[in-house]
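The values are calculated or read from the model by the stated rules, or taken from the named source; none is laboratory data. Since we're looking at a predicted model, the values are computed, not measured. FYI the Cβ positions are ideal-geometry reconstructions off the backbone, even for glycines, and counts take in every protein chain you see. Note: areas computed on protein heavy atoms with side chains; ligands, DNA, RNA excluded. Shrake-Rupley method; radii C 1.70, N 1.55, O 1.52, S 1.80 Å.
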Amino acid sequence: AAWRRGARFDGWTEHFRLEAWQDAARSLGVVLGEPAPHSGPPPWDAAVDARLSQGFLADELRRGRHGELTPDCRDGECLACGVCTP
């Protein structure tokens with residue numbers, strides 16, 4: 001939806017258009033900045049397996065709801081997400 005509203009190359013600050021994302025979210029009934037409802041299955045409970053552990057994803061959800069960033073493990077400590085584990 002954001003792409004249809006002109007969001008392109010958003011990884012580059014000079015191309016990021018917040019209003020495109022806000023409009024897209026609004027069109028889908030999502031209010032950015034409000035936590036997702038806690039009912040139903042967890043958002044990562046899907047058929048796609050990214051090799052991330054359930055515990056790591058639950059921690060990420062908690063961190064995200066508190067506005068906390070997760071450090072990049074390539075620059076320091078392993079966070080035991082499950083991706084590198086065979």
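Here are some notes:
- Part-to-part distance (alpha-carbon centres) for the stretch 46-86 and the stretch 13-27, which is given in Å: 26
- Contour excess over end-to-end distance, with Cα ends at residue 50 and residue 5 and 0.36 nm allotted per residue: 13.3 nm
- The residues neighbouring residue 68, those whose beta-carbon lies less than 11 Å from its own, together hold a net charge of +1 under the Lys/Arg +1, Asp/Glu -1 convention.
- Residue 1 sits among other residues whose Cβ lies under 14 Å from its own Cβ, and their net charge, with Lys and Arg +1 and Asp and Glu -1, is +2.
- Karplus (6.51, -1.76, 1.60) ³J(HN,Hα), θ = phi - 60°, over the stretch 3-16, in Hz, Gly and Pro reported as x: 4, 5, 9, x, 6, 9, 6, 5, x, 9, 3, 5, 9, 5
- Residue order for 56, 16, 9 - accessible surface, 1.4 angstrom probe, largest first: 9, 16, 56
- Residue-count net charge about residue 79 - beta-carbon cut-off 14 Å; Lys, Arg +1, Asp, Glu -1: -2
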